[in-house]
Amino acid sequence: MKRAVDVLLSLMVLLPLAIPMLVVAIAIKREDRGPVFYKQKRVGRGCVVFEMLKFRSMVVNADREGGFQTEPNDQRVTRVGAFIRSKSIDELPQVLNVLRGDMSLVGPRPDVPKQEELYSPEDWRRRHQVRPGITGLAQVRGRSDITPETRLAHDLEYVEKTSLALDIQILIRTFGVLRKGI
């Protein structure tokens, strides 16, 4: 049931977002002529690695110039990138990951493989029992303002309590969080 809802809602949002996504793609391309999309290896359900799509918000080869997390006022972030990050627009291409089955609309945010060292083996395994999501409990309960330990607690709570009703609550709260940021 969850997969069917993911596909249906993803298709429904792609249509109205097609033009705004095209505008973002043109802005990224015009700023520095680099690729529009950034593809990054992430860990999905069952610890399977996949390529997650994002609109590129940083200079080309930014991952070679720094870590997997950005710092405040990170010089690698482009002008267009700063805007699309502030509105979470950079995440929109992940709808394609949902359609491919790599991700879900709701679930723990996908980790990069290097982050495995931050978890106990049991927590890593538990966290990856579900498909990662574009949004999740940690995003609606604090997003970047929470500690890694709190984020993990929210992610594991989601894994334990996962249901269609919880997903709907998270999606509704996500729209509220996004409205405040816009």
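The values are calculated or read from the model by the stated rules, or taken from the named source; none is laboratory data. Treat the numbers as computed from the prediction; the structure is a model and nothing was measured. Counting neighbours? That spans all protein chains shown, and the Cβs are built from the backbone with ideal geometry, glycine included. Just so you know, the surface numbers come from the protein's heavy atoms only, side chains and all, with ligands and any DNA or RNA stripped out. Shrake-Rupley method; radii C 1.70, N 1.55, O 1.52, S 1.80 Å.
The figures follow:
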| read-out | value |
| --- | --- |
| Inter-residue pairs, beta-carbon under 9 Å, first on the phi > 0 side of the Ramachandran plot and in the stretch 136-149, second open to solvent by 40 Å² or more (accessible area, probe 1.4 Å) and assigned to a helix (DSSP H, G or I), 6+ apart | G142/T150; G142/R151; R143/V177 |
| Where I170 falls short, out of the listed (1) farther than 22 Å from M1 by Cβ; (2) not in a loop (DSSP other than H, G, I, E, B) | (1) |
| Residues satisfying the stated conditions in the stretch 143-168, i.e. open to solvent by 60 Å² or more (accessible area, probe 1.4 Å) and within 18 Å of V13 (Cα to Cα) | I168 |
| Matching residues in the stretch 1-48 - criterion: being among the acidic types (D, E) and either part of a strand (DSSP E or B) or in contact with a strand residue (DSSP E or B) (Cβ under 8 Å, 6 or more places away or on another chain) (or both) | D6 |
| Selection count, the stretch 60-76, where residues are more than 22 Å from L22 (Cβ to Cβ) and β-branched (V, I, T) | 1 |
